[in-house]
Amino acid sequence: MATHFLKTFPQLAGLKFTHAWGGAIDTCTRFSPFWGTSHEDKVAYVMGYTGLGVASTRFGASVMLDLLDDLDTERSRLSMVRKKPVPFPPEPFRWVFIRITQWSLQRADDHEGRRNLWLKLLALFNLGFDS
Ligand SMILES: Cc1cc2nc3c(=O)[nH]c(=O)nc-3n(C[C@H](O)[C@H](O)[C@H](O)COP(=O)(O)OP(=O)(O)OC[C@H]3O[C@@H](n4cnc5c(N)ncnc54)[C@H](O)[C@@H]3O)c2cc1C
């Protein structure tokens, strides 16, 4: 990020970043949250925000309350709420799947967003950012 910042603002060369933060984010094959319940529907969960949960967790919690109260609402009727994402394939296929996807996303970034066959294939199966 610091390199990109200085590439974007070369006039600020020499500036030092004194602090940084990072951490793990959770994801799934459709790169958007998914919901579920457990313990005889007494516990609800939502996961898979893929690094975009700061605002959307509020919506995520509203859906969980709908599920816990078994309410038929505009939220609980959404297909993204009712359908679970396709699971990631088991290792070592998962490693291959993720590496090809990362390479393809970088390539799209380097080519004005033009997606290769792999990203188009993922979208066809409702996988990835374009799902
Ligand atoms: C480096 C980084 C940058 C990000 N940048 C952005 C961004 O720019 N915009 C954006 O929208 N999102 C961003 N995100 C993603 C966003 O932070 C998450 O999507 C969001 O915090 C998910 O909220 P959550 O409540 O589901 O989970 P969390 O925020 O992870 O909260 C889960 C809580 O449960 C607690 N917990 C865990 N286990 C237990 C237990 N056994 N008992 C009791 N408590 C427990 C944890 O301590 C934690 O407080 C970023 C994430 C990271 C890591």
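The values are calculated or read from the model by the stated rules, or taken from the named source; none is laboratory data. Just so it is clear, the structure is predicted and the values come from calculations on it, not from any experiment. Cβ: placed from backbone, ideal geometry, glycine included. Neighbour counts: every protein chain shown. Just so you know, the surface numbers come from the protein's heavy atoms only, side chains and all, with ligands and any DNA or RNA stripped out. Shrake-Rupley method; radii C 1.70, N 1.55, O 1.52, S 1.80 Å.
Annotation note: Cβ proximity below 6 Å between a residue of the stretch 23-37 that is more than 10 Å from the ligand (Cβ to nearest atom) and a residue that is aliphatic (A, V, I, L, M) and open to solvent by 60 Å² or more (accessible area, probe 1.4 Å) (sequence gap 6+ or interchain) occurs for 29/86. Of the residues making up the stretch 1-22, those that are surrounded by 10 or more Cβ atoms within 10 Å (Cβ to Cβ) and away from the ligand (no atom under 15 Å from the Cβ) are 5, 6, 9, 15. Total residues in the stretch 1-47 satisfying the condition of being in contact with a Ser or Thr (Cβ under 6 Å, 6 or more places away or on another chain) and either farther than 19 Å from residue 105 by Cβ or not charged (D, E, K, R) (or both): the figure is 3. Scanning the stretch 107-125 for residues that are open to solvent by 100 Å² or more (accessible area, probe 1.4 Å) and of a type outside the set (D, E, K, R), we see that the one that is nearest to residue 44 (Cα to Cα) is 125.
Among the residues making up the stretch 18-45, those that are at pLDDT below 95, at negative phi and not basic (Lys, Arg) are 18, 19, 20, 21, 22, 24, 25, 26, 27, 28, 29, 32. Selection of the stretch 27-56 for residues being loosely packed, with under 14 Cβ neighbours inside 10 Å and either in contact with a Leu (Cβ under 8 Å, 6 or more places away or on another chain) or of a type in the set (Val, Ile, Thr) (or both) yields 41, 42, 43, 54.
Listed by position, the helices (runs of 4 or more DSSP H) inside the stretch 9-111 whose residues that are closer than 21 Å to residue 123 by Cβ number at least 3 are 79-82, 93-110.
Scanning the stretch 49-65 for residues that are more than 9 Å from the ligand (Cβ to nearest atom), within 17 Å of the chain's Cα centre (by Cα) and either touching a residue at least 12 places away in the same chain (Cβ under 8 Å) or at positive phi (or both) gives a single hit, 59. Restricting attention to the stretch 60-83, the residues being surrounded by 14 or more Cβ atoms within 10 Å (Cβ to Cβ) and under 20 Å from residue 25 (Cβ atoms) number 4.
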